[in-house]
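Worksheet: one structure, shown below.
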Amino acid sequence: MRIDKHLSDIKIERRSMVKKFLLTHEVMINGQVIKESDYHFDPDQNELMIDGELIPYFKNMNLVLYKPKGYLSAHKDTMHQTVFSLLKAPFDHFNFKIAGRLDLDAEGLLILTTDGKFVHEVTHPKKHLDKVYEVTLNRIFVDQESLIEGVMIKDEFNEPYLAKAKHIKVSNHLVTLTIDTGKFHQVKRMFQSLGYDVIKLKRIQIGNLNLRDLTEGHYYPFRKEEL
Ligand code: URA
């Protein structure tokens, strides 16, 4: 990568900005101070430091975010704060997409990624990726077998389908549910179909990713192989 890549065809001010930047900041590549704006380097292989701070390079960026209840899984909204408002610099500069939304009143693990293909890998039903939810119900849950066998519910297009639990652990009102699909309001609709109200819904795992020790509104970057 040339530091001044394509500068010749864009505005001359940009070229002088880079030169000025190099005059006013210490830019180091692999420990060597760089003064030339046309210096070539491979950001995958070489270590870049600016003013003594290591600048990590990511072709794509992925985050696990602990979405709090009340934040919308969308880019913009006039009524509610969105999950993107939780990101601080430098993460607020990335063009993130959401890989598997959570309802406004749900909380927990949300994957943000700049990689469109990765969104597909996480969300496509044929990938059968496990998602684990902690579900608090209005009454003690006694219908494990029905959920394992599957319940008929409707998707976002009002088409009925059989939704099955892959694994269930029950402790009175609290159910830890694993499913390997992720359709519109699926978890709520599965419990509603059996006459339960979902009081609280928290996603705690997708594939091998979990919330670690995140608190609400915080996030950590991960490599997609970790999924
Ligand atoms: N299922 C739901 O009903 N809501 C969510 O937010 C996620 C899964």
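Restricting attention to region 81-108, which residues are within 14 Å of the ligand (Cβ to nearest atom) and in a loop (DSSP other than H, G, I, E, B)?
Once the filter is applied, which keeps residues that are within 14 Å of the ligand (Cβ to nearest atom) and in a loop (DSSP other than H, G, I, E, B), region 81-108 yields A99, G100, R101, L102, D103, L104, D105, A106.
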*asked:* Checking M152 against (1) within 12 Å of the ligand (Cβ to nearest atom); (2) touching a Leu at 6+ places or on another chain (Cβ under 7 Å): exactly one of these is not met. Which one?
replied: (1)
*Does D103 fit the bill of being out of contact with any Leu (no Cβ under 9 Å at 6 or more places or on another chain), surrounded by 11 or more Cβ atoms within 10 Å (Cβ to Cβ) and within 30 Å of I179 (Cα to Cα)?*
no
*Sort through R189, R212 and tell me the only one that's within 12 Å of the ligand (Cβ to nearest atom) and either among the basic types (K, R) or not in a loop (DSSP other than H, G, I, E, B) (or both).*
R189
*Go through the residues of region 117-130 one by one and say whether even a single one is in a strand (DSSP E or B) and out of contact with any Gly (no Cβ under 6 Å at 6 or more places or on another chain).*
no
*For the subset of region 36-71 comprising residues that are in contact with a helix residue (DSSP H, G or I) (Cβ under 7 Å, 6 or more places away or on another chain) and within 16 Å of the ligand (Cβ to nearest atom), which member is farthest from Y133 (Cα to Cα)?*
Y71
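Since every read-out is calculated from the coordinates, none of them should be taken as a lab result. Worth saying up front: this structure is predicted, and the values here are computed from it rather than measured. All Cβ positions, glycine included, derive from the backbone under ideal geometry; neighbour counts span all protein chains shown.
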